[in-house]
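Values in this text are rule-based calculations from the coordinates and carry no lab data. As the structure is a computational prediction, the values presented were derived from the model and not from experiment. As a convention, Cβ positions derive from the backbone with ideal geometry for all residues, glycine included, and neighbour counts pool all protein chains shown.
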Ligand code: CA
């Protein structure tokens, strides 16, 4: 598909992507836009000019009101936009509402309701099992029966570009007699895909795997910053806490499931078979490849397509007890790692807990240093990118 809007070669935002985000232009109120090439389509005035139902929702400072509308409205909006960007006759209508991306500041795209983080990559779970519990089986007995997850901290999900202050806390080396307090010495990243819930569910009523697309609007990139030394000391027996909750960065543009259709792939075989509520006739994953850069150097390319649990199974599992999802909920896949060394989605894996440093610019590197900048991008196909999530470490 082509568009009358000029799209630079290699742009993640081709004419069929049309991700939505919230931008600020000068001192105007933040509002909803769609990305195409290196432009933002200013949706509120465009939709008003076209007398579109619900045009005022695009003048909101978050996507939440739009997300709450549900799939028929999401689809209608996408079709309206697809039509406008490919029909040359609409140029005069749309052009006055294009703003260069270089002239805007992107905000957090939605007010985050609840945040759940899964652990759905077998390669990552196995690597961490080997590192954290070297004397036992890498995968715990429940891992292939349910998508393991925990509730994270929604209030510290931050927009891409937000500086990350090195967290302090308790840490204890295995051979030390007592813990000490101070800045984390093992600050790390986790490369993840995040699913954004639009349509809420009803208390007491599980969401079936078949209803995934009725509830989930789309995806964002997630960097789940992690302090490994804090995590290792605190996580038994109740799981991640302060080693994770200080900050989680997400990308500004939410790519819809409708845009991702072309990259959907069948879910891999699950053996042993899962319980009936986790089974589905068309369980899929997405063929998305991430790229991780440390200070501009490519250090890893984790593949999403081999993640063990599908997002529909994660949603079914997190509601099977009757818990609700709400508009603005975010649930993330957990760190994505492939089998090859340069496909690992965290520095604890890339440097094997610091024992096998990466060489970058002739310098051995393990965990993050003050001043480091990490940028994650991802692609589902040509013109179908997720944009980027970036963050820089500042001293404690
Ligand atoms: Ca995580």
Using label points projected 7 Å from each Cα along Cα→Cβ, tell me how many nm separate residue 49 and residue 360, to one decimal.
4.4
quick note, the chain, DSSP beta bridge pairs, % antiparallel (nearest 5) is 90
Determine the equivalent ellipsoid of the chain by diagonalising the alpha-carbon gyration tensor, then write out the semi-axes as square roots of 5 times the eigenvalues, largest first, rounded to whole Å.
35, 25, 19
Expressed in nm to one decimal, what extension gain is obtained for the pair residue 139 and residue 185 from 0.36 nm per residue of sequence separation less their Cα-Cα distance?
13.9 nm
Surface/4 of the Cα convex hull for the range 144-227, nm²
9.1
Distance between Cα centroids, the range 1-39 to the range 164-196: provide it in whole Å.
36
Given only helices, namely DSSP H runs of n ≥ 4 each adding -39500 (n - 2.57), what is the per-residue ellipticity at 222 nm of the chain, to the nearest 500 deg cm²/dmol?
-4500 deg cm²/dmol
Work out how far the C-alpha atoms of the range 1-148 reach from end to end along every principal axis, then list the three figures in whole Å, largest first.
67, 34, 32
Tell me the Kirkwood radius of the range 20-106: reciprocal of the mean inverse pair distance over distinct alpha-carbon atoms, in Å.
13.1
Over the range 277-390, what lengths in whole Å, largest first, do the semi-axes of the equivalent ellipsoid take, defined as the square roots of 5 times the eigenvalues of the alpha-carbon gyration tensor?
31, 16, 15
